[in-house]
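Presented below is the structure to which this report refers.
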Amino acid sequence: MSADNATDAGRVAEARRRGLLRIDLRRLGRAALLGPGTRDRLPGAIEHLIKVHRARHPHSGPEAIETLRRAYVLAESSHRGQTRKSGEPYITHPLAVTLILAELGAETTTLTASLLHDTVEDTEVTLDQVREEFGAEVTYLVDGVTKLEKVDYGAAAEPETFRKMLVATGSDVRVMAIKLADRLHNVRTLGVMRPDKQARIARVTRDVLIPLAERLGVQALKTELEDRVFAILHPAEYARTQAMIAANAERPDLLASIAEDLRAVLREADIPAEVAIRPRHAVSLHRLLLKRGGTELGSGDFGRLLVLVGEDADCYAVLGELHTCFTPVIAEFKDFIAAPKFNLYQSLHTAIADAQGRIAEVLVRTRQMHRIAEAGVIALGHRHAAAQRLRSSAGGPPPVPGAAARTAAHPSASGSRSAAEAWGTVDPSRPGWLARLLEWQRDAPDPDIFWTALRDDLAQDREITVFTADGDVTRPVRLPAGASCVDAAYAVHGEDGHRCIGVRVNGRLAPLGTRLRDGDSLQLLLDAGAAPRPGADWLEHAATPAARIAITRWLAGHPAPADDEQPAALPALRPAKPEAEPRPEQPVAVTDLPDATVRLARCCTPVPPDAVTGFVVRGGIVTVHRVECPTTARMTAAGRRSVPVGWRDGAQAGGYRATVLAEALSRPRLLADLTEAIAAEGVGIVSAAVEPPQELRVRHTYTVELTDPHALAGLMRAMRAVPGVYDVYRARPAVAAGSG
């Protein structure tokens with residue numbers, strides 16, 4: 001192919017992509033009204049549809065053509081007499097939707113259902129009739145896109161219709177493919193509607209349909225939907241962008257010059273490739289303008305170079321030539337072939353500067369990658385045949401036992417296969433994000449909650465992968481960017497996420513509100529024995545609908561008491577003794593000073609067998625401190641002379657006190673669980689204090705009274721065993737005025 005021919009072919013292909021078959025629907029409408037034709041003659045209105053379909057599927061036999069003819073005849077006859085708001089025959093709408101799908105490579109079953117997609121909703125045709133004429137598969141797709149009646153659902157009709165479509169999409173993504181094409185044609189013709197209705201439809205398209213098109217990889221539909229919604233909701237910004245595009249068209253074509261240089265480089269390297277200029281669409285330019293801070297864009301910013309090759313290896317060969325013969329902008333390089341995006345997208349992205357310093361962005365991909373980048377799941381067709389089609393297009397062998405395992409071990413064996421695996425499932429038409437969406441929607445019976453959660457979920461346009469450890473098993477979990485440990489708990493454990501009491505992130509204890517990063521490793525700590533008790537503050541940390549719905553539903557069914565942290569179990573404990581100093585019949589500590597009264601210091605609460613020392617204070621009383629007590633250091637530094645003290649041989653404390661601190665991850669019932677653990681050791685609590693949580697960590701201080709000095713070690717072990725507690729230690733008090 002000559003350079004000029006390649007350029008022309010690239011422009012024609014780009015024009016076709018951007019136009020998505022803007023056929024003269026008035027002409028097709030007139031053809032539709034002339035009658036359905038006969039078995040020997042195709043209706044004029046679908047001649048172009050059949051031509052496009054055969055071009056995309058050259059092996060389609062006469063049975064496929066006959067099926068499409070019968071579907072058109074039924075659609076045309078059932079919609080006859082109906083018109084759109086524009087005045088055109090209604091049949092032009094399902095025909096236009098089907099043409100969009102045909103151009104993107106949809107197979108016969110999808111096209112058949114597309115022709116019939118409004119018959120059950122808007123005509124007397126029933127699902128049973130569709131099933132009898134076209135089978136269960138077509139019927140499933142038609143039913144999936146059929147709206148629920150407002151007379152039955154009222155204001156909930158729209159969210160419940162989308163819920164119905166999503167559930168159907170969970171079994172067959174072609175349902176959503178038809179809906180996206182349907183919405184594109186409707187948005188194209190919104191000009192006949194009132195401005196307020198245009199804005200409402202545009203907002204739903206922006207919040208729900210465009211993100212779904214992105215997740216399903218149908219870029220060709222997504223880009224036009226984005227531009228048309230942008231024009232409706234932000235007319236001034238859209239007009240500015242269009243003016244910039246028009247002004248740039250008057251300037252010399254920088255990208256065409258660099259593209260010609262690139263073709264010469266690839267010819268010299270003997271790499272068969274097509275090089276085309278891919279213009280940026282309006283929304284893409286608007287985003288780039290915002291990214292640049294509103295400054296003027298250069299000529300090279302209005303498009304990118306697209307290089308199409310035959311094999312994966314050729315992509316990297318092209319990359320080598322690009323980075324050898326031009327100056328690469330290393331910060332712009334991304335390899336989405338080795339690491340495909342979650343929506344199947346694969347390409348090499350780079351940017352280069354030529355000898356004059358002019359910069360151009362370049363996309364490198366195979367033709368098969370290009371088909372999937374444009375049409376996403378539509379290019380895959382029927383889900384049961386998708387994996388086989390990917391193997392065939394990549395030149396691979398038919399599936400054999402163990403092939404999936406070998407492919408996983410060697411993902412570079414086929415770029416297309418690795419793209420399918422990027423969805424976290426062997427079946428590329430059953431993406432992992434869709435499975436998660438279907439899980440949480442079942443827990444959102446309220447239409448408003450579902451509708452809000454759906455928009456929030458779809459607004460999260462990037463995913464991260466974290467790795468959770470459960471014993472010796474580590475598995476990847478995909479979450480939206482910005483997800484927290486709370487989200488991970490519910491994603492991994494479902495309703496048992498209520499029992500999460502802590503988490504280790506990359507081996508270190510972390511608050512449950514910690515935002516996760518791509519590649520983090522987690523160990524979620526669950527208390528299987530305790531009653532579930534998620535805190536209301538968990539909602540502040542939850543980013544995923546699954547977590548938010550589960551927490552909200554639990555809190556609604558379990559109203560918190562007036563003071564959630566008051567230890568209801570305390571009345572069952574041994575009654576706390578008054579704060580007065582205990583008076584054992586025989587002191588547990590002794591000194592050589594005659595007639596001296598010995599008292600254990602409150603600041604460090606020494607117990608046998610602590611190393612202790614004594615100081616004489618007012619009234620001739622000897623106070624006993626632990627050697628490491630800060631008061632000991634202060635008195636020694638002040639020149640106070642210590643006196644020897646010791647523990648009475650065989651003495652029982654008979655009521656001595658110790659102060660113990662417990663550091664833990666904040667959670668409901670922690671105070672009650674700790675006091676229960678202390679009581680179970682036969683220890684009385686004199687006082688307890690809880691500091692305000694800091695980043696979900698909390699410190700409890702307990703002054704306890706023991707009957708056996710050796711019981712302290714056992715008590716501290718029991719406190720450490722309480723779920724969420726990660727450290728227990730003796731008090732290390734700060735020096736206070738008047739201590740001793």
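Quick rundown of the values:
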quantity	calculated
Residue 245 versus residue 446: modelled label distance in nm, points set 7 Å from Cα along the beta carbon direction	4.2
Environment charge at residue 120 (Cβ cut-off 11 Å; Lys +1, Arg +1, Asp -1, Glu -1)	-4
Around residue 454: net Lys/Arg minus Asp/Glu count, Cβ-Cβ under 10 Å	-1
Estimated FRET transfer efficiency (residue 296, residue 518; beta-carbon r; R0 35 Å; 0.05)	0.50
Geometric extent, Cα atoms of segment 462-557 - Rg, Dmax (angstrom)	12.2, 36
Where labels lie 7 Å past Cα in the beta-carbon direction, separation of residue 708 and residue 269 in nm	7.9
Nearest-0.05 FRET efficiency for residue 316 and residue 129, computed from C-beta distance (R0 60 Å)	0.65
Computed E for residue 681/residue 155 - FRET, C-beta separation, R0 51 angstrom, nearest 0.05	0.30
Distance between segment 323-344 and segment 662-701 - C-alpha centres, whole angstrom	53
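We did not get these values from a lab; they are worked out from the coordinates using the rules stated. This is a predicted model, so every value here is computed, not measured. Reconstructed Cβ throughout: ideal geometry from the backbone, glycine too, with neighbour counts over all protein chains shown.
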